[in-house]
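Trainee: I'd like to ask some things about the structure below.
The values are calculated or read from the model by the stated rules, or taken from the named source; none is laboratory data. Quick caveat: nothing in here was measured; it's all calculated off a predicted structure. For neighbour counting, all protein chains shown are included, and Cβ atoms are generated from backbone atoms with ideal geometry for every residue, glycine included. SASA here: full protein model, heavy atoms, side chains in, ligands and nucleic acids out. Shrake-Rupley method; radii C 1.70, N 1.55, O 1.52, S 1.80 Å.
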Amino acid sequence: MKTVKEVLEQKGAEVVSINVDDTLAQALLKLTHHKIGAVLVMDKEKTIKGILSERDIIRHMAGRVNIETTVPVSQVMTKEVTYVKPNQTVEACLQIMTTGRFRHLPVVEEGKTVGIISIGDVVKATLADRALKIGELEYFISNTF
């Protein structure tokens, strides 16, 4: 089973983030520009303070007549951030994502953010791993008989 580190090596470790004092409008522009579903919210020392996802934005805007995009992201973001470490397996990520209903997990090593892994990354790695195992089994079966 692949580890988070192996997935990040394949997809890249770029972390798109915003400052804790940025506005919702700035966050929306960043999400749109990068075509992503979540950004990490960090302070000036690059410490994770929260994560802002499309779901957070929808929950904030639901039922409001006037939508204010100048509100600070700190009022909308998820403050309790679950993260994984590079040596954890993709299977462990899938379990965390399923249990917590998360689509994005920051990857933290020794207190520093080294990447972010999405449900799409996890599914892709899981399918590749299964295809490899099926190929190995087919090879074993065809060479055994």
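Trainee: What number comes out for the charge environment of residue 103, summing +1 per Lys or Arg and -1 per Asp or Glu over other residues with Cβ under 12 Å away?
Mentor: On the way: positive: 55, 101; negative: 54, 56, 121.
Residues near residue 103 contribute -1 overall.
Trainee: A follow-up question, please. What pairs in 2/44; 46/124; 2/30; 49/124; 2/79; 44/112 have C-alpha atoms more than 24 Å from each other?
Mentor: Pairs exceeding 24 Å: 2/44; 46/124; 2/30; 49/124; 2/79.
Trainee: Once the piece of chain linking residue 92 and residue 44 is laid out straight, how much longer is it, given 0.36 nm per residue of separation minus the C-alpha distance between them? Don't skip to the end; give the middle numbers.
Mentor: On the way: separation 48, 0.36 × 48 = 17.28 nm, distance 3.04 nm.
Net length gain for the segment: 14.2 nm.
Trainee: With charges only on Cβ, +1 for K and R and -1 for D and E, what is the dipole size of the chain about its Cα centre, in debye, rounded to 20? Display every interim value, and only then the final one.
Mentor: On the way: 19 positive and 18 negative charges, 58 e Å.
The dipole magnitude comes to about 280 debye.
Trainee: Here's something else I'd like to know. Can you check what the net charge comes to around residue 84, using other residues whose Cβ is under 12 Å from the Cβ of residue 84 (Lys, Arg +1; Asp, Glu -1)?
Mentor: Charge balance near residue 84 sits at -1.
Trainee: Now for a separate question. Antiparallel as a % of all DSSP beta bridges within the chain, to the nearest 5?
Mentor: Numbers: 14 of 18 bridges.
Antiparallel: roughly 80 percent of the beta bridges in the chain.
Trainee: Here's a follow-up. Could you state the accessible area per residue of the chain in Å², with a 1.4 Å probe and every protein chain left in place?
Mentor: Numbers: 9370 Å² over 145 residues.
Dividing the accessible area of the chain by its residue count gives 65 Å².
Trainee: Another question, then. Using the Cα atoms as the points, what is the convex hull volume per residue of the range 1-124 in Å³? List each step's numbers first, then the result.
Mentor: On the way: hull volume 12.7 nm³, N = 124.
Spelled out: Cα convex hull of the range 1-124, divided by residues, is 103 Å³.
Trainee: Ignoring ligands, DNA and RNA, what percent of the accessible area of the chain is carbon or sulfur (1.4 Å)?
Mentor: Working: 5130 of 9370 Å².
Carbon-and-sulfur percentage of accessible area, whole number: 55.
Trainee: Specify the angular offset, from 0 to 90 degrees and rounded to the nearest 10, of the alpha carbon long axis of helix 90-100 from the longest principal axis of the alpha carbons in the chain.
Mentor: Result, in degrees: 40.
Trainee: Over the range 26-94, how many percent of alpha carbon pairs lie in each 10 Å bin up to the one with the longest distance?
Mentor: So the P(r) values, bin by bin, are 18, 44, 29, 8, 1.
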